[in-house]
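J.: Before anything else, here's the structure in question.
The values are calculated or read from the model by the stated rules, or taken from the named source; none is laboratory data. Quick caveat, the model's predicted, so the values are computed rather than measured. As a convention, Cβ positions derive from the backbone with ideal geometry for all residues, glycine included, and neighbour counts pool all protein chains shown. We work out accessible area using only protein heavy atoms, side chains counted, and drop any ligands, DNA or RNA first. Shrake-Rupley method; radii C 1.70, N 1.55, O 1.52, S 1.80 Å.
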Amino acid sequence: MKIGMFGDVIGRPGRSALISFLKGRDYDFVVANAENAAGGFGLTENTASQLLEAGVNVITSGNHIWQHKEVLDYIDRVDSPVLRPANYPPGNPGRGFIVMKHQGIRIMVINIQGRLFIPMALDCPFRTVDNILRNNSADVIIVDMHAEATSEKQAFARHLDGKVTIVAGTHTHVLTADARVLPGGTVCITDLGMCGSMSGVIGMATEEARIRFITGRHIRLKVADGDTYVNGLEVMLDSNLNFESLSLINEKS
Ligand SMILES: [Fe+2]
Ligand SMILES: [Fe+2]
């Protein structure tokens with residue numbers, strides 16, 4: 001089984017890059033984080049549909065998921081395989097994990113958000129994922145840990161070692177070179193990077209990002225364009241669904 005996981009899809013350049021990358025590829029299952037897919041922040045039904053039609057099986061997200069109001073209704077629909085972090089407090093629309101049967105295999109995808117350096121009153125990521133795993137099972141379990149801090153993501157992966165198939169970090173938009181298999185058999189990577197333009201600052205145009213840091217003012221960012229890459233991780237599982245091989249995806253589109 002060949003699984004493709006892709007980092008945050010940033011605006012139109014990111015969507016186009018991932019959509020053309022997936023053409024002709026033979027992934028059995030694809031997970032992409034699309035919290036930045038619509039205009040650089042958030043997700044809409046239209047942008048989600050483009051990715052799903054291109055071969056993405058499950059869309060994960062993170063702190064920018066609520067940017068566009070229409071997502072509140074869309075994400076709440078039972079038939080949309082679009083996740084928001086599971087540790088948002090009760091009362092939020094949507095769901096934080098999904099279990100689906102795919103090619104005869106039960107696959108669970110879980111989306112969690114970290115709390116370090118992301119100032120939000122979220123429930124504990126560790127207790128949340130423990131609770132999900134206590135009450136649900138699957139043959140393959142894929143976790144998107146959307147977090148800022150490397151330490152929190154690595155601690156989270158260690159916590160889940162031997163209990164899930166893959167723990168992949170997202171949110172920093174920079175692909176990390178630490179993909180590996182932990183002693184318990186869980187594949188992990190600190191961050192999947194992004195599908196988007198490398199011409200700016202983590203997918204956003206340079207000038208506004210630069211001025212924002214210099215002035216300390218909240219200046220509206222624009223999606224960067226050109227020099228577009230697809231970042232992610234490819235994981236092969238053998239016929240027993242055990243780890244076989246992995247490779248980083250860092251392809252210029
Ligand atoms: Fe992001
Ligand atoms: Fe994020």
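J.: How much length is gained on full extension from R25 to E53, taking 0.36 nm per residue of separation minus their Cα-Cα distance?
T.: Here the segment from R25 to E53 would lengthen by 8.7 nm.
J.: If you line up the Cα atoms of the chain on their principal axes, what length do they span on each, largest first, in Å?
T.: Projected onto the principal axes, the Cα atoms of the chain cover 52, 40, 34 Å.
J.: Can you work out the accessible area per residue across segment 119-253, with the rest of the protein chains kept in place, probe 1.4 Å, in square angstrom? Could the numbers behind the result be given before it?
T.: Working: 6430 Å² over 135 residues.
That works out to 48 Å² per residue.
J.: List the chymotrypsin sites (Phe, Trp or Tyr not before Pro) in segment 117-219 that DSSP assigns to loop (not H, G, I, E or B) and whose Cβ has at most 13 other Cβ atoms within 10 Å. Which are they? Walk me through the numbers before you get to the answer.
T.: On the way: sites: F117, F126, F156, F213; in loops: F117.
Filter output for segment 117-219: F117.
J.: Taking H as built 1.01 Å from N, whose amide H comes closer than 5 Å to the amide H of A86, not counting residues under 5 places away?
T.: N111, I112, Q113
J.: Would you mind telling me the antiparallel percentage of the DSSP bridges in the chain, rounded to 5?
T.: Values: 27 of 52 bridges.
About 50 percent, rounded to the nearest 5.
J.: Work out from phi, with θ = phi - 60° and the Karplus expression 6.51 cos²θ - 1.76 cosθ + 1.60, the ³J(HN,Hα) of each residue of segment 177-190, listed in order in whole Hz, and give x for Gly and Pro.
T.: Listing the rounded values in order: 9, 10, 4, 6, 9, 6, x, x, x, 7, 7, 9, 8, 5 Hz.
J.: Got a number for carbon plus sulfur as a percent of the chain's accessible area, 1.4 Å probe? Walk me through the numbers on the way to the answer.
T.: Details: 5460 of 10870 Å².
After summing per-atom areas, the C and S share lands at 50 percent.
J.: Sticking with this structure for a sec: Pop a pseudo-label 7 angstrom from the Cα along the beta-carbon direction at both K252 and F126 and give the gap in nm to one decimal.
T.: The modelled label-to-label distance comes out at 4.3 nm.
J.: Let me ask you something else. So what is the relative contact order for the chain, in percent, with contacts set as C-alpha pairs under 8 Å and at least six apart? Kindly include the intermediate steps, with their values, before the conclusion.
T.: Values: 634 pairs, mean separation 49.7, N = 253.
It comes to 20 percent, rounded to a whole number.
J.: Determine, for each peptide in 175-187, 56-68, the mean count of other beta carbons within 10 angstrom over its residues, then list the peptides with the highest first. Before the final figure, lay out each step's value.
T.: Working: 175-187: 15.5, 56-68: 23.8.
Top of the packing list down: 56-68, 175-187.
J.: How many angstrom lie between the Cα centre of segment 122-142 and the Cα centre of segment 18-91?
T.: First find each Cα centre; the distance between them is then 20 Å.
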